[in-house]
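Structure first, then comments.
The values are calculated or read from the model by the stated rules, or taken from the named source; none is laboratory data. Everything numeric in this text was worked out from a predicted model, so none of it was measured. Every residue, glycine among them, receives a Cβ derived from its backbone with ideal geometry; neighbour counts consider all protein chains shown. Heads up: the accessible areas ignore ligands, DNA and RNA and are worked out on the full protein's heavy atoms, side chains in. Shrake-Rupley method; radii C 1.70, N 1.55, O 1.52, S 1.80 Å.
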Amino acid sequence: TAFASEPTVTPGDAYRTTRTEAVVEFTSDTAGQYYYTAILPSDFPESGELEIDTMGEGTPCNAGETVSVTVGNLTTEPYMFFLVVKDEDGTESEVMCINIPEWDWWTLDENGLLTLESDKGLTYWNDWLKSQDLHYQFYYKQSVTGVNIRKDVTNVDGDSFPASEYPNLRAYTVENGNTSYCAEDGVLYNASKTWL
């Protein structure tokens, strides 16, 4: 008797697109349907086993093609994305887990405004830049025309955005309620305006 082998799923990238959405990519070696769920690590069952309902119709996938799944209704915390692929004969893959990172706490809009939402924002911005090649590091630093500091940010200093690396940075803005900084005419000061 010959038995069909179960589908093999290869994980791809997982990245945030907004505070509440992420994209998860995977490839299956078999055509079929896929089923998934995304949970917080704190919601993982104590039994160590997670059931994914594969009854009913899933979402079609083709063999060898990269599938991009948009996952919504997330919080800013990291998530665990669990996936099963069921082939046309009903054989299911092993449950695959792909980690969705937490929100990056920074955004760079099309006008070059870099918004830092928390102290993690500056750290994650710099970490992300370091992950790029030198050409893209230069490009993105040149793209920054302004920095918007939200109320929870406390870790910006004179070395955060040196003029030699951010030559097009023209102005800072600070959200009301920030107790560490203020901005006047685009110039960043500490909250008591005793230093630039």
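Some notes on this structure:
- Scan of region 153-194 for residues that are of a type in the set (D, E, K, R), closer than 18 Å to L113 by Cβ and within 26 Å of the chain's Cα centre (by Cα), ordered by number: E165, E175
- Count of residues meeting criterion [over 23 Å from L40 (Cβ atoms), modelled with pLDDT under 95 and either open to solvent by 70 Å² or more (accessible area, probe 1.4 Å) or under 16 Å from the mean Cα position of the chain (by Cα) (or both)] in region 53-67: 2
- For S131: the one exception among (1) among the small types (G, A, S); (2) within 30 Å of T8 (Cβ to Cβ); (3) surrounded by 14 or more Cβ atoms within 10 Å (Cβ to Cβ): (3)
- The listed residues are T70, T76, and the only one of them that is touching a residue at least 40 places away in the same chain (Cβ under 8 Å), outside any helix (DSSP H, G or I), open to solvent by 20 Å² or more (accessible area, probe 1.4 Å) and farther than 29 Å from T179 by Cα turns out to be T70.
- Candidate set from region 124-159 (those that are among the hydroxyl-bearing types (S, T, Y) and in a helix (DSSP H, G or I)); member that is nearest to N190 (Cα to Cα): Y124
- Residue in region 145-159 that is touching a Gly at 6+ places or on another chain (Cβ under 7 Å) and charged (D, E, K, R) present: yes
- Screening region 1-63 for strands (runs of 3 or more DSSP E) wholly inside it with 2 or more residues that are among the charged types (D, E, K, R) returns the ranges 9-16.
- Scope region 88-100; condition open to solvent by 20 Å² or more (accessible area, probe 1.4 Å), outside any loop (DSSP other than H, G, I, E, B) and either touching a residue at least 24 places away in the same chain (Cβ under 8 Å) or of a type in the set (V, I, T) (or both); matching residues: E92, M96, N99
- Of all positions in region 142-157, none carries a residue that is more than 16 Å from W106 (Cα to Cα) and open to solvent by less than 50 Å² (accessible area, probe 1.4 Å).
- Among the residues of region 159-190, just one is open to solvent by 50 Å² or more (accessible area, probe 1.4 Å), small (G, A, S) and either touching a residue at least 12 places away in the same chain (Cβ under 8 Å) or in contact with a Phe, Trp or Tyr (Cβ under 9 Å, 6 or more places away or on another chain) (or both), namely G177.
- The set of residues in region 108-118 being open to solvent by 50 Å² or more (accessible area, probe 1.4 Å) and under 18 Å from K151 (Cβ atoms) consists of L113 alone.
- Test: D29 is in contact with a strand residue (DSSP E or B) (Cβ under 6 Å, 6 or more places away or on another chain), open to solvent by 30 Å² or more (accessible area, probe 1.4 Å) and of a type in the set (D, E, K, R): no
- Condition met for G64 (free of Cβ contacts under 8 Å to residues at least 24 places away in the same chain and either within 22 Å of E102 (Cα to Cα) or of a type outside the set (D, E, K, R) (or both)): no
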